[in-house]
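Report on the following structure.
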Amino acid sequence: MAIPSLQAASLFLVGFPGSGKSTLAPLIAKNLGYDCLDTDAYLEALSGQSIASIFEEKGEAYFRQLEKRLLLEELCPSPSQVIACGGGVVTIPGLCEALQQKGLVIVLQASLATLLQRLKESSGHRPLLAGPNLEARVKQKFEERLPLYQGAGTQFVCDGLSPQTLAGRIADHYKKLYRKAIHKIHT
Ligand code: S3P
């Protein structure tokens, strides 16, 4: 796989809801000295609406278009940054492949048990998981999406690691890939 130049080398965090993207993004960004951005928070600020109400008023397909446009077009000219993507980006055909041309796509892998435990505490604002039978719906989506996550980028297992440890490992991996370019910029 060709490695994109540092100018374009953002780090994209992908993974099932509850895998820790929003927690890890600022920790990795701090380690790398990059800015960080959460696409859900960005879209909410831009539209003045919560993700749940975008889903409710305009539907999932509309939300996916917003996500895709943001990631492929609007964030394009920005310098390298750490971007926490919404958990559903893997369902947009071709998007993760396109992100791989822009930088490093990291997939956070968490077990179903870990995800369920976290989502029980915080599924309220997630429209695709809101409502009764959380466990059954999470399990179904998890199984449906597993092959998509597996093919989306470099896999990092999250279970049993503190956010600090995991963020450090991901930042180290990025630095190893881009070491030469980073060295050039700082010397
Ligand atoms: C979604 C995940 C959410 C958000 C939207 C759709 C999904 O982000 O983008 O509710 O389809 O998995 P998180 O992964 O941050 O929960």
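The values are calculated or read from the model by the stated rules, or taken from the named source; none is laboratory data. Since the model is a prediction, treat every value here as computed from it, not as a measurement. As a convention, Cβ positions derive from the backbone with ideal geometry for all residues, glycine included, and neighbour counts pool all protein chains shown.
Structure summary
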read-out	value
Test set (1) aliphatic (A, V, I, L, M); (2) more than 17 Å from Tyr178 (Cβ to Cβ); (3) modelled with pLDDT of 95 or more - Leu11 fails condition number	(2)
Within segment 150-176, tally of residues that are of a type in the set (A, V, I, L, M, F, W, C), crowded, with 18+ Cβ neighbours inside 10 Å and away from the ligand (no atom under 16 Å from the Cβ)	4
Failed condition for Leu11, given (1) part of a strand (DSSP E or B); (2) under 24 Å from Leu128 (Cβ atoms)	(2)
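Residue-wise test of (1) out of contact with any helix residue (DSSP H, G or I) (no Cβ under 6 Å at 6 or more places or on another chain); (2) within 14 Å of the ligand (Cβ to nearest atom).
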residue	(1), (2)
Leu27	no, no
Lys30	yes, no
Asp40	no, yes
Leu43	no, yes
Cys76	yes, no
Val82	no, no
Glu97	yes, no
Lys102	no, no
